[in-house]
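The values are calculated or read from the model by the stated rules, or taken from the named source; none is laboratory data. Keep in mind it's a predicted model, so treat the numbers as computed, not measured. Neighbour counts are summed over all protein chains in view; Cβ atoms, including those assigned to glycine, are modelled from backbone coordinates with ideal geometry.
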Amino acid sequence: MKQFFLWAVVISALCSSCDSKEDLFSDKVNSKQYSSKINSVDDYIAYKNVMSSFVYNPMYSYNVNLQRYEEHVNLYLYSNENDKYIAIDLERLSLLLNVNEASFVEHLDYTSEAKKIMIDILNYNYNSAAQAYLVLNENENRIVQTLFAMHNEGNDDDLWKGRRNIAFAYGAQYSFKQAVLYAGAVELRGSVVNN
């Protein structure tokens, strides 16, 4: 009888530990879904933190400051030892600095719905986050919401003729770090030109 009782305790302990792991997995999925809704705000805040923590030195040329900014972003957004250093492609940056926003958006690797919303944001015709949530996948929705925040939260992208947002969308096709690198490089260039 004693052995039967011990086996029953062991089996019930195993069964209850399996249930708790499944519950824990469910909680992780739910928190991931919740966090995906707020990540666009987090992405915008992370971008602004990177920009505000970088000090542009007017004693150096734009190219030297650009190299410093590249190093800054790679250190600031370093996540683990497998994280690769990403360099700014100067040819791509030159293209982004001189782009006509509407025509360039059409060449980005997003769905036609996402491209339309991006163009609407650039033209101040976008005002419905619900619209994007219904028609876009999670990644595109996150990028669109970040672009909307960048374009409308008191950071007048007209200084850069929409190019900062396009640079962000261009880089976001590959990674968040590249989005920050290219959008920041355009923003730094616009700051130098407008001072």
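Just a few scattered comments:
- From Asp19, Asp23, Asp89, residue being surrounded by 12 or more Cβ atoms within 10 Å (Cβ to Cβ) and either among the charged types (D, E, K, R) or modelled with pLDDT under 90 (or both): Asp89
- Number of positions in segment 66-119 that are among the aliphatic types (A, V, I, L, M) and in a loop (DSSP other than H, G, I, E, B): 6
- Among the residues of segment 43-77, the ones that are hydroxyl-bearing (Ser, Thr, Tyr), closer than 28 Å to Glu140 by Cα and surrounded by 12 or more Cβ atoms within 10 Å (Cβ to Cβ) come to 4 in all.
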